[in-house]
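Please treat every number below as a calculation from the coordinates, not as lab data. These figures come from a predicted structure and were not determined experimentally. Backbone-built Cβ (ideal geometry, glycine too); neighbour counts: all protein chains shown.
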Amino acid sequence: MPSHLASSRDSLVICHECDLLQRIPSAAAGSRVTCARCGNLLHRHVPDSIERALALSIAGLVLLAVANLLPFIDLSIGGAEAHTTLSTGVQALWQEGKWFLATLVLFTCIVAPLIQLSLMVYVFLPLRAGFVPALARPALRAIHHLREWNMVEVFMLGILVAAVKLAKMATIVPGIAMWSFMGMIFIIAGALASIDRQVVWNRLENLS
Amino acid sequence: MALDRGLTGCPICDQVVRVDEEHGRRELRCPRCGGTLHARKTASIGLTWALVCTALVFYVPANVLPITRVVSLGMVQEDTILSGVFYFLQTGSWYIALVIFVASIFVPLLKLVLLILLLVSVQRGSRWRPRDRTRLYRITETVGRWSMVDIYVVTILVALVNFGFLANVDAGPAAVFFAAVVIITILAARSFDPRLIWDQVESRQALQGSPGEDADRE
């Protein structure tokens with residue numbers, strides 16, 4: 001079995017990009033530690049990591065719920081009007097038989113952020129209260145792996161481009177859901193950036 | 001190299017883990033978070049080449065076939081990614097044209113070129129600027145997701161312009177190929193192991209009698 005390094009394991013880090021073993025100083029609040037050799041970001045110290053991540057992920061869940069339930073964009077061309085919600089595009093693609101695209105958009109813009117936010121609340125609420133929930137370790141791993149598939153900020157750029165394209169021929173009215181979705185993008189980015197690996201994994205080890 | 005000391009770092013929780021002799025023959029799991037550990041990613045070069053080649057093949061239909069199909073009062077207009085860029089240029093929205101060009105045409109090609117460069121340099125045992133090559137790798141990892149913007153634009157247009165005979169937008173066949181290119185290049189960037197760049201540098205240094213020391217910092 002692989003074993004833990006016995007001595008001062010918290011300050012020993014191996015760079016994921018160049019495999020350099022190095023001792024990192026105990027970081028001051030907000031400070032970033034980069035690899036001595038390749039410059040990769042090794043660690044960012046976040047004060048009150050768990051509390052911040054918890055607060056932001058609860059806020060993110062509320063905003064995501066609003067973004068899904070209320071009108072997203074309304075459009076009118078001449079007399080014709082269209083009312084859409086966040087998932088209208090996914091439904092339309094699915095009905096066209098473009099199930100691959102529909103699944104991809106649904107996953108990257110709704111499902112991935114929803115799972116990430118839910119799992120953060122699921123793990124950090126108990127951790128804050130002083131116990132470790134069941135399956136906390138797979139949940140934290142899932143949050144990590146979903147990072148690259150959560151593409152909400154790219155979706156926002158897509159909305160801007162589509163809006164410019166349609167603005168010449170139609171009137172576009174952004175709904176509450178769109179503002180909510182925009183807020184969620186910043187909130188989820190903040191929540192993920194608040195996860196201080198050292199703090200979270202040490203807390204988990206100490207409690208279990 | 002941490003591996004020379006029989007150690008590897010967990011990519012998920014940063015735990016330093018001892019790698020035993022027969023690593024590679026069986027799956028190694030992190031004792032702290034339970035994630036799978038790879039001292040070096042498995043078959044990194046072969047897998048990355050395979051994904052890069054697949055993406056290159058899909059890049060052609062993604063750009064040649066129409067990505068949107070607009071039907072308005074019985075008139076059908078099909079647009080490719082490039083003709084979409086020209087549409088925005090002609091209508092004066094050059095900044096949108098730039099966004100689409102960069103995200104849909106430039107970024108996927110840049111990623112593929114950079115990955116090929118990294119693969120060839122590692123296979124040839126190059127010692128050329130390892131720090132800069134690591135930086136190039138970081139670029140391929142970061143920019144890839146922005147290529148999805150065209151897929152989202154199509155999705156939003158399909159959602160909004162849905163008035164039957166009057167005006168209707170459908171996703172064209174290129175959309176699926178293009179989405180595949182984006183996903184495959186993301187997987188390609190992930191399967192490449194940047195530590196291979198540094199393995200070459202250190203093995204050459206060892207031959208020349210100046211072993212790369214692991215740093216200790218206070």
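Per-structure values
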{"item": "Unit charges on C-beta of K, R, D, E only; dipole of chain A, Debye", "result": "400 debye"}
{"item": "For chain A, built as a Gaussian network whose Cα springs stay under 10 Å, the top-fluctuating residue of A:ASN150, A:ASN68, A:ASN40", "result": "A:ASN40"}
{"item": "Estimated dipole of the protein assembly as shown in Debye, rounded to 20 [Cβ of Lys and Arg +1, of Asp and Glu -1, Cα centre]", "result": "700 debye"}
{"item": "Gaussian network model of chain A, springs between alpha carbon atoms under 10 Å - residue of A:LEU56, A:LEU42, A:LEU117 with greatest fluctuation", "result": "A:LEU42"}
{"item": "For A:SER76, B:SER126, order by how many other beta-carbon atoms lie within 10 Å, fewest first", "result": "A:SER76, B:SER126"}
{"item": "FRET efficiency for B:ARG127 and A:ARG32, using Cβ-Cβ distance with R0 set to 25 Å, rounded to 0.05", "result": "0.30"}
{"item": "Among A:ALA163, B:ILE197, A:LEU42 - extreme Cα towards positive end, dipole of the protein assembly as shown, charges at beta-carbon", "result": "B:ILE197"}
{"item": "Segment B:23-74: trypsin sites (Lys or Arg not before Pro) falling in loop per DSSP and having at most 13 other Cβ within 10 Å", "result": "B:ARG25"}
{"item": "Point-to-point label distance, A:SER76-A:HIS45, nm (Cα→Cβ direction, 7 Å offset)", "result": "5.7 nm"}
{"item": "Ascending count of other beta-carbon atoms within 10 Å, so fewest first, for B:TRP49, A:TRP179, A:TRP201", "result": "A:TRP179, B:TRP49, A:TRP201"}
{"item": "Cα gyration tensor category, rounded, prolate or oblate, for the protein assembly as shown with a/c compared to 1.5", "result": "oblate"}
{"item": "Helix A:136-146 axis, angle to chain A major axis (alpha carbon atoms, nearest 10°)", "result": "50 degrees"}
{"item": "A:ARG147, B:ARG127 arranged by Cβ crowding within 10 Å, fewest neighbours leading", "result": "A:ARG147, B:ARG127"}
{"item": "FRET efficiency estimate (nearest 0.05) - Cβ-Cβ, B:LEU166 to B:PHE86, R0 30 angstrom", "result": "0.75"}
{"item": "Isolated Cys residues of the protein assembly as shown, judged by Cβ distance under 4.7 Å to other cysteines", "result": "A:CYS109, B:CYS53"}
{"item": "Charged-residue dipole, Cβ positions (Lys, Arg, Asp, Glu), chain B about Cα centre, Debye nearest 20", "result": "300 debye"}
{"item": "Net charge over other residues, Cβ less than 13 angstrom from the Cβ of B:GLY35 (K, R count +1; D, E count -1)", "result": "+3"}
{"item": "Amide hydrogen neighbours beyond the local backbone of A:VAL46, cut-off 5 Å, H modeled", "result": "A:GLY30"}
